[in-house]
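Below you'll find the structure, written out as structure tokens, and then a few comments.
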Amino acid sequence: MLDSRDEAVIVEMRRKTLLPLDDLYDLLKPEIPVLTRSNLHRCLQRHGVSRLKDLLPPEERQDTKTFNTMNRVTCISTPPRLIWVKTSGICL
């Protein structure tokens, strides 16, 4: 179980570094031996810093596109062609 000092360190590191969960875990694990990935995530959620997008300044946030607004690519299937190489008479 994390104590209040550990939670304060976790929250401050998250706000200062803006690291993803796994990177933050790797950074803090040597300093907080009882830290697990799940209790780190619960701590971040409890303190309202679990979403990186919410911590970024508004000008640095990127809008994500939904599937419907993305450009669609159409694949067209064509029948195979035979290519004859005159020098060897081999069909490729």
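Assorted remarks:
- Of all the residues in the stretch 20-52, those that are in contact (Cβ under 8 Å) with a residue 24 or more places away in the chain, outside any loop (DSSP other than H, G, I, E, B) and within 13 Å of VAL9 (Cα to Cα) number 3.
- Qualifying positions in the stretch 1-19 - over 26 Å from PRO57 (Cα atoms) and free of Cβ contacts under 8 Å to residues at least 24 places away in the same chain: ASP3, SER4, ARG5
- Residues (modelled with pLDDT of 95 or more, surrounded by 14 or more Cβ atoms within 10 Å (Cβ to Cβ) and of a type in the set (S, T, N, Q)) located in the stretch 37-64: ASN39
- Scanning the stretch 18-55 for residues that are in contact with a helix residue (DSSP H, G or I) (Cβ under 8 Å, 6 or more places away or on another chain), more than 17 Å from MET1 (Cβ to Cβ) and of a type in the set (Lys, Arg) yields a total of 0.
The values are calculated or read from the model by the stated rules, or taken from the named source; none is laboratory data. Keep in mind that what you see is a predicted model, and the values were worked out from it rather than measured. Heads up, the Cβs are rebuilt from the backbone with ideal geometry, glycines too, and the neighbour counts pull from every protein chain shown.
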